[in-house]
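Below you'll find the structure, written out as structure tokens, and then a few comments.
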Amino acid sequence: GGAARGGALAVLGTLALTALRNAQARPSAQQQADAGGLGVEPHEITALASPAAEKLMVRAMISAAKADGQVDQAEMQKIAGKIGDDGVTAEEKAFVMSELAAPVDIDALAAEARGPAQAAEVYAASLIAIDIDSEAERAYLRRLADALRLDPATVAQLHQMTGAPAA
């Protein structure tokens, strides 16, 4: 439901903002003035919890789950069944099924991130969605970090904060 989704977005947004803050070596005076020293603009913070951000995080999670080629037709049906059981609308279920069937497109996914905070949020959602246990998943995460233009310090912070092994 909406409250659960809002809570999940809040967690992802907090992870993203904390990682960005922790990764900044010596923020400039302008960065300190922006969003309380986080180096992000106020509109970026608002964008982290928008309906568009919610869709983007779902897309990020699905794309990451497909990184190792393990999401087959049976898994798609299981996911669709779980979605139906959780009070999700038919439109939301169709969106998820469409994303599951679509090819992985890291560049298109990264292009939707609006600023560094949302880029970090996309990466965090991807980390949470998978167990990094294959070279394909590690390669996917490296490509995603590059496409999102995340600096190595932010990526390392996100891995550390989520307990995910380094990619």
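The values are calculated or read from the model by the stated rules, or taken from the named source; none is laboratory data. Just so it is clear, the structure is predicted and the values come from calculations on it, not from any experiment. Glycine gets a Cβ as well: all are built from the backbone with ideal geometry, and neighbour counts include every protein chain shown. Just the protein is used for accessible areas: all its heavy atoms, side chains included, with ligands, DNA and RNA removed. Shrake-Rupley method; radii C 1.70, N 1.55, O 1.52, S 1.80 Å.
Placing +1 on each Lys and Arg Cβ and -1 on each Asp and Glu Cβ, with no other charges, gives segment 93-149 a dipole about its Cα centre of roughly 180 debye. Taking all protein chains as they are arranged and a probe of 1.4 Å, the heavy atoms of ASP105 leave approximately 80 Å² accessible to solvent.
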